[in-house]
2 protein chains.
Amino acid sequence: MVKEIITEEQQKAARYAKAMGHPIRMYVLELLSKQSCCYSGDLTEDLPIVKSTLSQHLKELKDAGLIQGEIEAPRIKYCLNRENWKEAQDLFRKFLKMDSEMPEQKCQ
Amino acid sequence: MVKEIITEEQQKAARYAKAMGHPIRMYVLELLSKQSCCYSGDLTEDLPIVKSTLSQHLKELKDAGLIQGEIEAPRIKYCLNRENWKEAQDLFRKFLKMDSEMPEQKCQ
DNA sequence: ACCTTTGTTCGTAATTTCACGAACTACGAA
DNA sequence: TTCGTAGTTCGTGAAATTACGAACAAAGGT
């Protein structure tokens, strides 16, 4: 689906971006970046989706490595996966910084 | 598909993230953030996809507002859409900065 | 043991994404 | 005007995404 000219970093950044590519997931990430943790139940109360759909979104974030769940019976406590969150931050920062202020560069 | 608790900014950020959510598109964006413009033909030579597929990816980036094409017959010159690129940068910067260094915050 | 709460998994359906090749369009050059 | 180059659009599948409700699993409280 890709090739060697596409770097490992681009692959990773795309993976994270994809996980961030939905308003619900963006909302969850932003919440978790502000308040350290949350429970699925609290989210379903605020969000316009049923719990099973939310569960899928959380799974996507989990699969992408951006969040992690910790059992705290009978609930599950969700937090950011700090390690990967940092990696995503670094990747995006690098990516975003990339062109900050460029006059007129070569065109091809 | 969403609701009011999800902010306009989150919607926008998610839209940009979605467009960035594929290695090919990430590659193109990174290239354009480095070299100001490129042509589709140059890309197809390097990338492992045929031109019609590339055209679709470019269209997605265009629809998301991240790039723009300018006719330069017989080719089309692609550049970043500076205005929206800046908006995306700001949105992500804001988002990424959000938790930079937090000790231990309230959990719900 | 049984019930309640919490969240996941399953089944389903509609939509979107991704990729390809073929056909088409636009435009400059011969 | 005909030809070649550059890129888009169309048609087609396969796969992934999004969403829902129903059923299920886990664990604490009664």
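The values are calculated or read from the model by the stated rules, or taken from the named source; none is laboratory data. No experiment lies behind these values; they were computed from the predicted model shown. We place every Cβ from the backbone using ideal geometry, glycine too, and count neighbours over all the protein chains shown. The accessibility values were calculated without ligands, DNA or RNA, using every heavy atom of the protein model including side chains. Shrake-Rupley method; radii C 1.70, N 1.55, O 1.52, S 1.80 Å.
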Here is a list: A:Ser36, A:Ser100. Which entry is more than 12 Å from DNA strand C (Cβ to nearest atom), at positive phi, modelled with pLDDT under 90 and of a type in the set (Ser, Thr, Tyr)? A:Ser36
Conditions (1) within 30 Å of A:Leu54 (Cβ to Cβ); (2) surrounded by fewer than 18 Cβ atoms within 10 Å (Cβ to Cβ); (3) facing another protein chain (nearest Cβ under 8 Å); number of the one not met by B:Ile6: (2)
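Considering only region A:64-84, how many residues are part of a loop (DSSP other than H, G, I, E, B) and exposed (fewer than 15 other Cβ atoms within 10 Å of the Cβ)?
Narrowing region A:64-84 to residues part of a loop (DSSP other than H, G, I, E, B): A:64-66, A:73-74, A:81.
Restricting the remaining residues to those that are exposed (fewer than 15 other Cβ atoms within 10 Å of the Cβ) gives A:73-74.
Total satisfying the criteria: 2.
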Complete set of residues in region B:21-63 that are within 19 Å of A:Glu9 (Cβ to Cβ), acidic (Asp, Glu) and open to solvent by 40 Å² or more (accessible area, probe 1.4 Å): B:Asp46
Counting only residues that are within 17 Å of the chain's Cα centre (by Cα) and more than 7 Å from chain A (Cβ to nearest Cβ), how many does region B:25-47 have? 7
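Take A:Asp90 and tell me if it is more than 10 Å from the chain's Cα centre (by Cα), under 23 Å from B:Lys12 (Cα atoms), modelled with pLDDT under 95 and away from DNA strand D (no atom under 11 Å from the Cβ). If you could, list the steps in order and put the result at the bottom.
Values: more than 10 Å from the chain's Cα centre (by Cα): yes; under 23 Å from B:Lys12 (Cα atoms): yes; modelled with pLDDT under 95: yes; away from DNA strand D (no atom under 11 Å from the Cβ): yes.
The answer is yes for A:Asp90.
Quick one: which of A:Lys12, A:Lys18 is more than 9 Å from every other protein chain (Cβ to nearest Cβ), modelled with pLDDT of 95 or more and open to solvent by 30 Å² or more (accessible area, probe 1.4 Å)? Break it down into steps so the answer makes sense when it comes.
Numbers: A:Lys18 fails: more than 9 Å from every other protein chain (Cβ to nearest Cβ).
Answer to the selection: A:Lys12.
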